[in-house]
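Asks: Following this message is one structure expressed as structure tokens.
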Amino acid sequence: MYKENSYVHKEFEIEGGYHHDGLELENGNLIILTSKLGTDRVADHIVELDRKTGKIVKEWNLYDIVSKIDNNFINEPIITWGWINSIYYDKTSNNLLLSVRNRNSVVAIGYSDSAIKWILGEEKYWSPKFRNYLIKGKGKDFIYPAGQHSVKITDDGKLSIFNNGYDAFEEDTK
């Protein structure tokens, strides 16, 4: 809601625009979900913006990160192959947690080394080369993410997501 005393403190333009989510680090820098211009993909790029200067100080390209594991994983120009819609910085592990909507997965990548640490998602959304990264669900009531958003770690150290559950029970209705 607009407040009479509201105003913009600073405005930054990011070449690929801004979408879905962003967060502030303890040092004041901003982590922003964006797209990399000059590619045939959207919503698979992340930048860290220095809040004082407006300059990009770090970048993560999810397409490049997964291509290091399996160069043929995305073998055609799929514009929305991943679609990151939520990001969280876990300072305990120094990982960025990403809700990768179009892979129905949550992916943890190292803040410092940009390497995939783990993936919470079904094998059918990833090639066999990602098998060692996949977390297996346990228990009869466990369901994998589907169309999830809002990834974070709760105060008690648990992974929390808003799981839309798209098609999660499709096989039960056949």
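The values are calculated or read from the model by the stated rules, or taken from the named source; none is laboratory data. Bear in mind the structure is a predicted one, so any value in this text is a computation, not a measurement. For neighbour counting, all protein chains shown are included, and Cβ atoms are generated from backbone atoms with ideal geometry for every residue, glycine included. Note: accessible area is taken over every heavy atom of the protein model, side chains too, but ligands, DNA and RNA are not part of it. Shrake-Rupley method; radii C 1.70, N 1.55, O 1.52, S 1.80 Å.
Asks: By accessible area of protein heavy atoms, probe 1.4 Å, what ranking do Arg131, Arg103 get, highest first?
Replies: Arg131, Arg103
Asks: Principal axis lengths of region 1-76 from Cα atoms, whole Å, largest first?
Replies: Principal-axis extents of the Cα atoms in region 1-76, largest first: 53, 26, 19 Å.
Asks: Sticking with this structure for a sec: Hey, could you grab the Kirkwood Rh for region 89-135? Inverse mean 1/r over distinct alpha carbon pairs, Å, one decimal.
Replies: 10.8 Å
Asks: Quick check: pseudo-label points 7 Å beyond the Cα along Cα→Cβ at Lys91 and Trp118, how many nm apart are they?
Replies: About 2.1 nm separates the two model spin labels.
Asks: Hey, if you put +1 on the Cβ of every Lys and Arg and -1 on every Asp and Glu Cβ in region 33-99, which of Asn94, Trp83, Leu62 ends up farthest toward the positive end of that dipole?
Replies: So the residue furthest toward the plus end is Asn94.
Asks: For Thr39, what is the net charge nearby, where nearby means another residue's Cβ is under 13 Å from its Cβ and Lys, Arg count +1, Asp, Glu -1?
Replies: -3
Asks: I've got another one for you. Could you compute the FRET efficiency for Thr80 and Thr154, with r as their C-beta to C-beta distance and R0 at 45 Å, rounded to 0.05?
Replies: Using R0 = 45 Å, I get an efficiency of 0.95.
Asks: Count the net charge of all other residues whose Cβ sits under 11 Å from the Cβ of Asp90, scoring Lys and Arg as +1 and Asp and Glu as -1.
Replies: Net local charge, Asp90 excluded: +3.
Asks: Next question. Could you tell me which of Leu25, Ile14, Asn104 has its Cα farthest along the dipole of region 1-127 towards the positive end, charges placed at Cβ (Lys, Arg +1; Asp, Glu -1), taken about the Cα centre?
Replies: Result: Leu25.
Asks: With viscosity set to 1.306 mPa s and temperature to 10 °C, compute the Stokes-Einstein D of region 39-88, Rh being the Kirkwood radius across alpha carbon pairs; µm²/s, no decimals.
Replies: Taking Rh from Cα pairs, D becomes 130 µm²/s.
Asks: When the chain is fully extended, how far beyond the present Cα-Cα distance does Phe142 get from Asp64, taking 0.36 nm per residue of separation? If you can, show how the numbers build up before the last one.
Replies: Values: separation 78, 0.36 × 78 = 28.08 nm, distance 3.07 nm.
Taking 0.36 nm per residue and subtracting the Cα distance, the gain is 25.0 nm.
Asks: Let me ask something else about it. Which whole-number percent gives the relative contact order of the chain, counting Cα pairs below 8 Å spaced six or more residues apart?
Replies: Dividing the mean separation by the residue count of the chain yields 13 percent.
Asks: Cα atoms only: what Rg and Dmax, in Å, come out for region 46-132?
Replies: Considering region 46-132 through its Cα atoms, Rg and Dmax are 13.4, 43 Å.
Asks: Another question about this same structure. Please identify the GluC sites (Glu not before Pro) of region 1-109 that satisfy two criteria: DSSP loop assignment and at most 13 other Cβ atoms within 10 Å. Which are they? Provide the component values of the computation, followed by the final result.
Replies: Details: sites: Glu4, Glu11, Glu13, Glu15, Glu24, Glu26, Glu48, Glu59; in loops: Glu4, Glu11, Glu13, Glu15, Glu26.
Passing both the DSSP loop test and the Cβ count: Glu4, Glu11, Glu13, Glu15, Glu26.
Asks: Ignoring ligands, DNA and RNA, how do His45, His149 rank by accessible area with a 1.4 Å probe, largest first?
Replies: His149, His45
Asks: Here's a follow-up. Report the charge-dipole magnitude of region 27-174 in Debye, nearest 20, computed about the Cα centre from +1 at each Lys and Arg Cβ and -1 at each Asp and Glu Cβ.
Replies: Values: 20 positive and 19 negative charges, 71 e Å.
With Lys and Arg at +1 and Asp and Glu at -1, about 340 debye.
Asks: Taking the structure as given and computing log10 I(q)/I(0) by the Debye sum over Cα atoms at q = 0.08, 0.10, 0.11 Å⁻¹, which label from [x] -0.59, -0.72, -0.78; [y] -0.42, -0.54, -0.60; [z] -0.27, -0.42, -0.50 fits?
Replies: [z]
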